[in-house]
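To start, the structure under review is shown below, and the notes come after it.
Values quoted throughout were computed directly from the atomic coordinates according to the rules given, and no laboratory measurement underlies them. These numbers were taken from a predicted model, which means no experiment stands behind them. Using ideal geometry, Cβ is built from the backbone for each residue, glycine included, and neighbour counts are taken over all protein chains shown.
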Amino acid sequence: MIPFVNLKAQRDAYREEFLEAEARILDSGRYIGGEEIQALEQELAKYSHVNHAICCASGTDALELAMEALGLEPGDEVIVPDFTFISPAECVSRLGGIPRFADIDASTFLLDPGKLEALVTPKTVGIIAVHLFGQTAQMEVLEQFAKANNLWLIGDAAQAFGAIRQGKHAVEYGDISITSFYPTKPLGAYGDGGAIFTNKGDLAENIRKIANHGMKESYLHEVVGKNSRLDALQAAILRVKLRHFDAELKKRQENAAFYNDFFENLEKIKAPVIENSNISTFAQYSLLASDRNFWLSVCEKAKVPTAIYYPRTLSSQPCFKHLNSEPNICAQNACKQAFSLPVCAFTDVEAIVNSLKKAL
Ligand SMILES: Cc1ncc(COP(=O)(O)O)c(C=O)c1O
């Protein structure tokens, strides 16, 4: 069976480099913090042209730390997309805030800036834009909207580290950006991990403090913080993968282009729409099919794995039902029609397309 993300082939491709990096950390006796984390943070910041990169325990933690540093208080409202993974809304709720679910653009799956005005109330403090499936949201428009309404803006690049919009990295936009190093993400570790990006020195300092038990100085706890760190072994693995990252992103884009050539000639199915100003990481290759069940059965017959991101809007999830959110039509439609195909740098898309042709 074809793997949805072929991490084994990736390990085989860079095996010697992984073995060297893993042995270096395991033999060092230093497993938390230290030089490896510092080196990765510097490399991530340099790669994405931001002043500060701070590693932490997961993408979800990164969102929570970002909002704590921005001063989110109980009862504050934050605008989040209705069609995405749960983390942004979950983190707002866990900090005592209220997620307000915004609709997406019907073709790009990204937050629709035109739908935000109606969600702003005197309690609104910020927006979390998600760069879904690897494509940067309309951040220059959202930045203006946030400024005009005195809101902060977080960019969730869990699926989009390395994505470019108008010549800028996705994580260069907004007050703070985050990413996830979950193993199947475009830049994934061998366990959980995440990072926070900002150009603002005061926010960076605050985030580091909160993620380190509220300490700047040893055993002087200025605020109640938490433990959120990436370990040295994960950092060493990520440093190996970062060396190959641009080549992998290029391959993902070629794979997506190959799929596009096939799907663009078919009816009732829409290849992903990438805005002209965007270069996507293609964390997912997500199609829209008005007869999704038909396509899922074709893929099954062809032995091609599929995934449904996401089967339900967040506002309709049991945990958010009590918020009585207005339904968002485009988000609901995406839940009914979207499905994703394997697209990583080690996926043989030519073989997949041939199998699909035969199964059709
Ligand atoms: C858009 C988005 N945000 C946040 C996260 C959370 O990342 P993590 O799994 O590292 O906590 C994910 C993970 O799937 C995600 O897709």
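One decimal place: the segment residue 202-residue 107 gains 30.4 nm when fully extended, by the rule 0.36 nm per residue minus the C-alpha distance. Among residues other than residue 103 with Cβ under 13 Å from its Cβ, the summed charge is -3 (Lys and Arg +1, Asp and Glu -1). Computed packing ranks the peptides 8-14, 298-304, 254-260 as 254-260, 298-304, 8-14, most packed first, by mean other Cβ atoms within 10 Å. Taking R0 as 45 Å, what FRET efficiency do you get between residue 13 and residue 277 from their Cβ-Cβ distance, rounded to the nearest 0.05? Using R0 = 45 Å, I get an efficiency of 0.90. Antiparallel beta bridges, as assigned by DSSP with both residues in the chain, represent about 60 percent of the total such bridges. Take the cross-link list 250/303; 46/185; 115/216; 147/270; 241/336 and give me the ones stretching past 31 Å between alpha-carbons. Pairs exceeding 31 Å: 115/216; 147/270; 241/336.
Normalised by 2.2 N^0.38 Å, where N is the number of residues, the C-alpha radius of gyration of the chain stands at 0.99.
Peptides 315-327, 52-64 ranked from most to least packed, by the mean per-residue count of other Cβ atoms within 10 Å: 52-64, 315-327. With Cα atoms as the point set, the range 23-74 shows a radius of gyration and Dmax of 14.1, 45 Å. The local environment of residue 140, defined by Cβ-Cβ distances under 10 Å, has a net charge of +1 under the rule Lys, Arg +1 and Asp, Glu -1.
For the peptides 173-180, 240-247, 201-208, residues were scored by their other Cβ atoms within 10 Å and the scores averaged per peptide; the highest-first order is 173-180, 201-208, 240-247.
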